[in-house]
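Participant: Structure in structure tokens, see below.
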Amino acid sequence: MGFHGHLLAFRTDDPDDTGSPGTPVLPELPYPDETVACPDGWWLLTTRIAALPEDLAVRLAERTGAPALVVRVLHGDWSEVRGCVPGGAGWSFAHNVRLVVEHEVRERFGCEREDEGLSAAEWQECVDEVTAAWTADRAEARRHALAWSAATGRPADPAVLELALESDELSAEEAARTLLRALGVPVPGHGRDGRGVSG
């Protein structure tokens, strides 16, 4: 089982949003597990708290006047991305990882590939239905993500963003960081590089 929690990415230069050590102060997340100061006023906060408000990205965008993204990572192999730009509506999509289609088939149809009595054709029918929904979800995610990226002032390369959205990373946490970088957020690599600030 891998990382289970949330990653928050947002930009703020407002002194009211930062505490005495220069770290962000969020009522929803007073004690993050890790705080990373990124260039241009961006912050990446990590917490192992599994439950945060579903509208947190909307709240952050309204509070900071800048794009905000909140990624909920489940057990290291699946995540849900929620984003918002100031004055815009919140959006979300399921992201990653390699078994997401089979996961969705299990959730929606309650069956496994190896289930006794399930024919190959029946299994494929389930997969096809989930895949069609997944493809539509991706198209909508691309539209939102490109608009979100444009709002950062660092418009994404559509080809790079496409790869990040379709990522087959084994780690949903690392895939989320890759997505943030593709969106224009100057997030450093996952390894400790001296930018982390204890929360």
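Participant: Which members of region 146-167 meet the condition of being under 13 Å from Thr178 (Cα atoms) and assigned to a helix (DSSP H, G or I)?
Facilitator: Those that are under 13 Å from Thr178 (Cα atoms) and assigned to a helix (DSSP H, G or I): Val160, Leu161, Glu162, Leu163, Ala164, Leu165.
Participant: Taking the condition at pLDDT 85 or above and β-branched (Val, Ile, Thr), does Val160 pass? Show your work before the answer.
Facilitator: On the way: at pLDDT 85 or above: yes; β-branched (Val, Ile, Thr): yes.
Spelling it out, Val160 is indeed at pLDDT 85 or above and β-branched (Val, Ile, Thr).
The values are calculated or read from the model by the stated rules, or taken from the named source; none is laboratory data. Quick caveat: nothing in here was measured; it's all calculated off a predicted structure.
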